Amino acid sequence: MIILSKIFCKFKVFLKKIRGKNRAVIFDRDGTLNIDYGYVGEIEKFELFPDVIPSLKKLENAGFLLIVITNQSGVGRGFFGIENVEKIHNHLKKLLLANGICLAKIYTCPHAPEERCKCRKPKTLLFEKAIKEFSLDPQKCYSIGDKETDIIPAEKLKMKGILLGRHCKNLKEAVEIILKNESE
Ligand SMILES: [Mg+2]
Ligand SMILES: [Zn+2]
């Protein structure tokens, strides 16, 4: 069953890709979708917030592509390996898929700040990659995060940033803002 949903999900994303001018919501991971325990390197420490599933479902139904962009400097700092990150991301994708939610892609920066890479938020590289890969129209896109650094790259690229704890309380409220915006 999960294999069929996976194929269906890939097909849906593919259709959007070729259509172009896409709308997406780009999520930060830790502190936005799941509880931020500092460095989350094991599935046991990966705990979604309660409203994530219904919130993502609403966005998907409204026609948004769902994308995650995450800084995982725990890899660069040697706290855990990139394979740990991949394991968690496969777990997250499966969890969502089991609820009928299709995550288009997860982009990860595995570097420590000292490495001065081009992909670590607040740098814009991973956002630019997402725009290119999924033919996004930035002005129709939103970025939701719990830190200023999640919003800065999005706004630089003309997306709308929603900062949890400032613009609203949690993901559920962020989604309400987006859907209200869309209906106006
Ligand atoms: Mg965060
Ligand atoms: Zn990086």
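Odds and ends about this structure:
- Charged side chains reduced to their Cβ positions (Lys and Arg at +1, Asp and Glu at -1) give the range 21-183 a dipole of some 540 debye around its Cα centre.
- Mean Cβ count within 10 Å, highest first, over the residues of peptides 154-160, 42-48: 154-160, 42-48
- Relative contact order for the chain: 26 percent, from Cα pairs under 8 Å spaced at least 6 residues apart, divided by residue count.
- Within a Gaussian network of the chain (alpha carbon springs, distance under 10 Å), most fluctuating of Ile18, Ile88, Ile152: Ile18
- The distance separating the Cα centre of the range 18-78 from that of the range 165-184 comes to 16 Å.
- Relative contact order %, the range 55-138, counting alpha carbon pairs below 8 Å whose residues are six or more apart: 34 percent
- Nearby aspartates and glutamates by direct alpha-carbon distance to Lys121 (threshold 16 angstrom, same-chain neighbours under 8 apart not counted): Asp28, Asp30, Asp146, Glu148, Asp150, Glu155
- Set the Cα radius of gyration of the chain against 2.2 N^0.38 Å, with N its number of residues, and you get 0.97.
- Think of the chain as a dipole: +1 on every Lys or Arg Cβ, -1 on every Asp or Glu Cβ, centred on the Cα centre; then among Val13, Ser55, Cys117, Val13 lies furthest on the positive end.
- Under 10 Å, Cβ to Cβ, from Cys141 - net charge with Lys/Arg +1 and Asp/Glu -1: +3
- GNM flexibility winner over the chain from Asn170, Asn84, Asn22 (Cα, springs under 10 Å): Asn84
- The range 22-103: radius of gyration over Cα atoms, expressed as a fraction of 2.2 N^0.38 Å: 1.10
- Shown in residue order for the range 61-77 are the 3J(HN,Hα) couplings computed by the Karplus curve 6.51 cos²θ - 1.76 cosθ + 1.60 at θ = phi - 60°: 4, 7, x, 8, 6, 10, 10, 10, 10, 9, 8, 10, 5, x, 5, x, 7 Hz (x for Gly and Pro).
- Here Thr108, Thr149 are placed in order of increasing Cβ neighbour count within 10 Å, fewest first, which gives Thr149, Thr108.
- Beyond 31 Å in Cα-Cα separation lie the following of the pairs Lys45/Lys140; Lys57/Lys147; Lys16/Lys45; Lys118/Lys180: Lys45/Lys140; Lys16/Lys45; Lys118/Lys180.
- Placed amide H near Leu65: partners under 5 Å, 5+ positions off or other chain: Arg23, Ala24, Val25
- Neighbour counts of C-beta atoms inside 10 Å place Ser183, Ser73 in the sequence Ser183, Ser73, starting with the fewest.
- Close amide H pairs (under 5 Å, H built 1.01 Å from N) link Gly161 with Ser143, residues at least 5 positions away or on another chain.
- HN-Hα J in Hz across the range 104-109 - Karplus 6.51, -1.76, 1.60, θ = phi - 60°, x for Gly and Pro: 5, 6, 10, 9, 10, 9
- In order along the range 121-134, the phi-based Karplus estimate (6.51 cos²θ - 1.76 cosθ + 1.60, θ = phi - 60°) of 3J(HN,Hα) comes to 4, x, 5, 9, 3, 5, 5, 5, 4, 5, 4, 5, 5, 10 Hz; Gly and Pro are listed as x.
- For a straight C-alpha distance cut-off of 15 angstrom, the aspartates and glutamates reachable from Lys21 (same-chain residues fewer than eight places away being disregarded) are Glu128, Glu133, Asp137.
Laboratory data are not the source of any read-out in this text; all were calculated from the coordinates shown. Fair warning: this is a prediction, and the values are worked out from it, not measured in the lab. No Cβ is skipped: glycine too gets one built from the backbone with ideal geometry, and neighbour counts run over all protein chains shown.
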